[in-house]
Amino acid sequence: MNINIRFFSVISFFLFLFSCAEIKLIQDYDAVSNNKINLLHDKTTKFFVKIQRTVGLPENKYEKHIDFYDDVKSDVHVLQTRTKAIDKSNITQKQLTSLLTQINTLEKLHQLGFKSNEEIIIIQSAIDESFTAILKLQIALKNKSN
Amino acid sequence: MSGKKINFQELLNTMLSASKEVLKKEWKNVGPVAELQIKNIIHNLEQIAILKLSGKISEEQAKLHLTLQRESFKTILLSFEGIGIIIAEKTINAALNAVKNSFNKAIGWRLL
């Protein structure tokens, strides 16, 4: 009888603890990732300003901007590796994969050449939307952690 | 644009109902953001079609632009808890497939 009571008490105690614990579905805020994403957005925005100003000029050619692509692609890879090490970071990981696809697509378009600012504006608007979505999540995580 | 004019409101309504069909449970939260994004996509697709028709981009470039639009919508959908990669892609495919025929007919070539 005593053993039964003890057994149920232990079970009840653990059930109580479990019900009190917060079930975490999403990652904790990571200030380093957030800063890196902001810097990446800044770098990309400056790139778009530059290529919009130089449409039709030799400075606009893909060959003159290979460093930019190497730089942002390695930034995204570093972010992906960091994010993978953070628990429950699935959403950010998938968003970064999608961002990398966009950067690769931008690079392909640049290799084919830009003939007008209208084209660059459409690309920038799509990539900006993605950055906004990624940053919104980071802000929400930050607010949650405060 | 070609023979037929693009009807923005009709495309928007069709794409919204197709997305809503996939995102049934999440629609209450996602709906307003999805509507804004679909409006952007229609506007950008129209611009891509104009650039292609005016010879400023090729068909290959237009398809790459479409990839950018799809990925952008995906990133936005993924920020909602409960929407994984499969649901996000299903939503985008449903929205674009729903207007595929009317949009392609209006621009006079196959973008979608």
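The values are calculated or read from the model by the stated rules, or taken from the named source; none is laboratory data. Keep in mind the model is a prediction, meaning the values are calculated, not measured. When we count neighbours, we look across all protein chains shown, and the Cβ atoms used for this are built from the backbone with ideal geometry, even at glycine.
Side notes on the structure shown:
- Pairs where the first residue, in the stretch B:68-94, is more than 9 Å from every other protein chain (Cβ to nearest Cβ) and the second is of a type in the set (Phe, Trp, Tyr), C-beta under 7 Å, 6+ apart: B:92/B:73
- Of the residues making up the stretch A:124-140, those that are free of Cβ contacts under 8 Å to residues at least 40 places away in the same chain and within 7 Å of chain B (Cβ to nearest Cβ) number 6.
- When A:84, A:73, A:108 are screened for being of a type in the set (D, E, K, R), at pLDDT 95 or above and within 19 Å of residue B:78 (Cα to Cα), only A:84 passes.
- Considering the stretch B:77-112, and only residues there that are among the polar types (S, T, N, Q) and buried (at least 17 other Cβ atoms within 10 Å of the Cβ), the residue that is modelled with the lowest pLDDT turns out to be B:79.
- Subset of the stretch B:47-59 that is surrounded by fewer than 23 Cβ atoms within 10 Å (Cβ to Cβ) and facing another protein chain (nearest Cβ under 7 Å) - its residue that is nearest to the chain's Cα centre (by Cα): B:47
- Selection of the stretch A:116-141 for residues being of a type in the set (D, E, K, R) and either under 13 Å from residue B:44 (Cα atoms) or at pLDDT below 95 (or both) yields A:118, A:119, A:129, A:136.
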